[in-house]
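Contents: one structure, followed by commentary.
Read the figures in this text as sums done on the coordinates, not as results from a lab. In this text, all values refer to a predicted model and were calculated from it rather than measured experimentally. Backbone-built Cβ (ideal geometry, glycine too); neighbour counts: all protein chains shown.
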Amino acid sequence: MNDAGRKHVLVAGGSGLVGTRLCQELQRAGYEVSILSRREGTSPEGIPFVLWSSLNQVIPSAYAVINLAGEGIADKRWSPKRKNAILSSRTDTTTRLVEAYREAGDRRPRILVNASAIGIYGPHDGRPIDEKSSIGEGFLADVCRDWEAAADPVTQLGVRLSKVRIGIVLSRKGGALPKMSLPVRFFQGAKLGDGQQGFSWIHIDDLVSILIHCVENDQYQGVLNATSPFPTTNETFTRLLGKQLRRPILPVPAFVTRFALNLLMGEMAEAMLLKGAFVYPKALQGLGFKFKFERPEGALKDLLG
Ligand SMILES: NC(=O)c1ccc[n+]([C@@H]2O[C@H](COP(=O)([O-])OP(=O)(O)OC[C@H]3O[C@@H](n4cnc5c(N)ncnc54)[C@H](OP(=O)(O)O)[C@@H]3O)[C@@H](O)[C@H]2O)c1
């Protein structure tokens with residue numbers, strides 16, 4: 001609690017796509033918000049940045065930390081060096097947070113909301129996945145497993161930990177949707193591979209709402225899949241995108257897109273685009289969370305209409 005009686009929420013990686021929106025909503029909900037960042041100054045929205053080197057000084061003032069920090073997964077081709085950066089930017093920052101909670105003693109925040117991703121389940125066939133499903137194989141599953149494991153020790157300090165396994169975030173400001181929309185707008189839209197791979201998505205507004213619920217509601221703890229209740233296939237989502245943008249979708253044979261994506265993106269193509277999973281938010285539904293955007297049609301209309 002600060003001098004004005006407002007609770008302080010520290011958002012690590014709060015300068016990114018999800019964090020920018022989250023910080024605005026936290027402010028609107030009456031919280032004092034700061035962004036833990038590698039930069040100094042303030043965000044374009046006027047939210048103060050706190051350098052990671054000042055973490056120990058700032059943490060006793062925080063009521064909760066929401067940790068979104070990590071190198072962009074799809075920003076660059078996955079070389080061994082890039083893979084290491086993707087992993088260590090998540091495990092190192094999370095470990096630093098947990099250490100800061102430890103060092104703050106009785107003045108530590110009571111809540112840690114740590115991002116993770118549905119990549120933890122690995123690529124799957126058509127079987128539905130929920131929070132009880134086993135951890136999968138591959139680079140993304142390994143990253144998410146280690147990321148979550150880095151956060152787990154905080155529970156030994158009596159801190160409530162939410163591990164939010166985020167699906168493909170739909171936003172008009174960045175991430176997957178603008179990338180998927182671009183070829184469709186230019187009459188080049190096509191399903192990827194055979195198009196039957198799962199596409200487990202979430203509207204950014206619902207994700208932000210889930211993260212704020214994690215701060216406010218004691219029941220929002222442990223593993224939570226942050227995906228809409230209606231995951232779809234790549235083919236259906238691409239078709240709906242075409243419908244929303246009033247563009248045709250080309251009947252490109254599976255081997256053509258598979259070949260092109262593998263050539264362009266290497267290992268990332270299979271892990272992120274050509275394979276997928278049907279992930280369900282069973283835990284959130286059990287908690288009674290109400291999604292504003294359950295169906296892809298509604299989300300696309302809101303974001304692109
Ligand atoms: N967007 C999605 O579809 C999606 C899906 C599943 C999971 N997630 C996860 O959710 C989190 C937030 O997603 P997002 O789309 O908002 O990500 P984003 O736009 O890439 O933002 C992540 C933030 O992490 C910080 N960061 C980057 N590299 C870092 C490093 N080496 N050390 C410390 N901090 C670093 C950056 O903040 P500063 O530059 O201010 O330090 C950046 O603003 C990410 O961890 C992502 O993996 C996202």
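Couplings for region 229-245, taken from phi via the Karplus curve 6.51 cos²θ - 1.76 cosθ + 1.60 with θ = phi - 60°, read x, 10, x, 10, 9, 4, 5, 5, 4, 5, 5, 5, 4, x, 5, 4, 8 Hz in order; Gly and Pro are left as x.
Please state the charge dipole magnitude for the chain, taken about the Cα centre, from unit charges on C-beta atoms (+1 on K and R, -1 on D and E), reported in debye and rounded to the nearest 20.
Working: 39 positive and 30 negative charges, 163 e Å.
Charge dipole, the chain, about its Cα centre: 780 debye, nearest 20.
Write down the Kirkwood hydrodynamic radius of region 148-268, to one decimal in angstroms, obtained as one divided by the mean of 1/r over all alpha carbon pairs. For region 148-268, the Kirkwood estimate is 16.6 Å. Couplings 3J(HN,Hα) of region 123-134, computed from phi: x, 10, 6, x, 5, x, 10, 10, 5, 8, 5, 6 Hz, in residue order, whole Hz [Karplus 6.51 cos²θ - 1.76 cosθ + 1.60, θ = phi - 60°; x for Gly and Pro]. Short to long, the 10 Å bins of the Cα pair-distance histogram for the chain hold 6, 27, 35, 22, 8, 1, 0 percent of all pairs.
Please identify the chymotrypsin sites (Phe, Trp or Tyr not before Pro) of region 56-108 that satisfy two criteria: DSSP loop assignment and at most 10 other Cβ atoms within 10 Å. Which are they?
Values: sites: Tyr63, Trp78, Tyr101; in loops: Tyr63, Trp78.
Filter output for region 56-108: empty list.
Distances between placed amide hydrogens fall under 5 Å for Ser15 paired with no residue 5 or more residues away or on another chain. Full extension of the segment from Ala29 to Asp106, taken as 0.36 nm per residue of separation minus the current Cα-Cα distance, would add 25.1 nm.
Loop-located trypsin sites (Lys or Arg not before Pro) in region 185-267 (DSSP state not H, G, I, E or B) with no more than 16 neighbouring Cβ atoms inside 10 Å: Arg246. When every Cα-Cα distance of region 202-292 is counted in 10 angstrom steps from zero, the calculated P(r) takes the values 14, 33, 29, 19, 5 percent.
Taking θ as phi - 60° and the Karplus parameters 6.51, -1.76 and 1.60, the scalar couplings of region 151-166 work out to 7, 3, x, 5, 5, 5, 8, x, 8, 7, 10, 10, 10, 9, 7, 7 Hz in sequence order, x denoting glycine and proline. On full extension, the segment bounded by Arg39 and Ser61 gains 5.9 nm, given 0.36 nm per residue less the C-alpha separation.
So what's the net charge close to Ala104: Lys and Arg +1, Asp and Glu -1, counting the other residues with Cβ under 14 Å from its Cβ? The partial results should precede the final answer.
Working: positive: Arg96, Arg102, Arg107, Arg108, Arg110; negative: Glu99, Glu103, Asp106.
Net of charged neighbours comes to +2.
What length, rounded to one decimal in nm, is gained on full extension from Asn217 through to Arg145, with 0.36 nm per residue of separation minus their alpha-carbon distance? Numbers along the way, then the final one.
Working: separation 72, 0.36 × 72 = 25.92 nm, distance 2.46 nm.
Computed gain between Asn217 and Arg145 is 23.5 nm.
Along the axis of the charge dipole computed for region 8-304 (Cβ charges of +1 for Lys and Arg, -1 for Asp and Glu, origin at the Cα centre), the listed residues Gly286, Pro296, Leu22 are led at the positive end by Pro296.
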